[in-house]
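Here's the structure we're looking at; comments come further down.
Coordinate-derived values only; no laboratory data. Only a predicted model underlies this, so the values are computations on that prediction, with no experimental measurement involved. As a convention, Cβ positions derive from the backbone with ideal geometry for all residues, glycine included, and neighbour counts pool all protein chains shown.
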Amino acid sequence: MDEQTGEPAGAPGRGLDPRAELSEFLRTRRARLKPEDVGLPDVGRHRRVPGLRREELAQLAGVSVAYYTRLEQGNGRNVSAEVLDAIARALRLSDAEQAHLTNLARPGRHRKRPAPRNRQARPALRQLLDAMETVPAYVVGRRSEILAWNRMAAALFGDWGRLPAQERNWARLVFLDPGYRDLFVEWDQKACDMVAYLRMDAGLRPDDPLLSSLVGELSVKSEEFRRLWARHDVKEKSHGVKRLRHPLVGELTLLWESFRPAGEAEQSLVTYFAEAGSASAEALRLLGSWNADALPSGTRTAAG
């Protein structure tokens, strides 16, 4: 929420304020640490707020309290990479969190070109999806928009081609469509990951109006999204395991991998697969055979 207006951060028509994002990110990372976590003595004084004090964090990073205070207030101008690295180490940031800190503190590096609008997956990627006949796969954009998918992805997640174009978006589906709450066994973790991916994107392009509009819409419509967004967690989409509860074949445990196609900085190819010989592999095979006649042939795209 915006502290002055009370409106959700990123409401439609407004951009995300990089200074406010930097301030809140540092504050939330500092709040999650205790003195004993970083080798400092806890002298037992009453702490009005959780986590490390600013002076403790400044001591760990080797900077003055005044300098760190200015940074946490959102003034990251002229901050050096060395100082950011020291603060990242002091805060025990992950690689994704450190990259996010750098993006927020030095936003000018990412404003050389405007943020692109929704794009279609290029023909070669659509052909690749078609060739993956037994593997659920789709192409997703940086704002979580679903750009293209194959027959098996439609069988597993539902035929997104039946949705209006604006609703073909993973964040909207996870938080606003009850069917996806039932589909993901660990829905809470899926929701956390989804918000963390969007936060990572927001750090790269805080002035993206389409992302700001999406965040504003979800903040208004979903209390859970609003709560998770306020945590300022970030994560890179890479790989993992998902448990699904499919209405036709029951529960599946699937591994997933995300790839960034060469020359496509704004898109990712995501694939799901099961361990060979497992019950989930058999369930995927059955799902593909049952849906072979029900779904149209060829890859579906956001334009289709």
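In nm, give the distance between the simple-model label positions of Leu255 and Leu40, each being 7 Å from the Cα along the Cα-to-Cβ direction.
Between Leu255 and Leu40, the label points sit 4.2 nm apart.
Based on the mean of other beta carbon atoms within 10 Å per residue, what is the order of 52-61, 183-192, 199-208, 241-250, most packed first?
Numbers: 52-61: 18.7, 183-192: 16.1, 199-208: 22.5, 241-250: 14.2.
Output ranking for 52-61, 183-192, 199-208, 241-250: 199-208, 52-61, 183-192, 241-250.
Multiply the residue gap between Ala124 and Asp17 by 0.36 nm, knock off their C-alpha separation, and tell me the result in nm, one decimal place.
On the way: separation 107, 0.36 × 107 = 38.52 nm, distance 3.72 nm.
Separation in residues times 0.36 nm, less the Cα-Cα distance, equals 34.8 nm.
Taking a quarter of the surface of the Cα convex hull of the range 123-301, what do you get in nm²? Each step should come with its number before you reach the end.
Numbers: hull surface 40.1 nm².
Its average projected convex-hull area is 10.0 nm².
Determine Rg/Rh for the range 18-110; Rg is computed over alpha-carbon atoms and Rh is the Kirkwood hydrodynamic estimate from the same atoms. Provide the component values of the computation, followed by the final result.
Values: Rg = 12.8 Å, Rh = 13.3 Å.
Value, to two decimals: 0.96.
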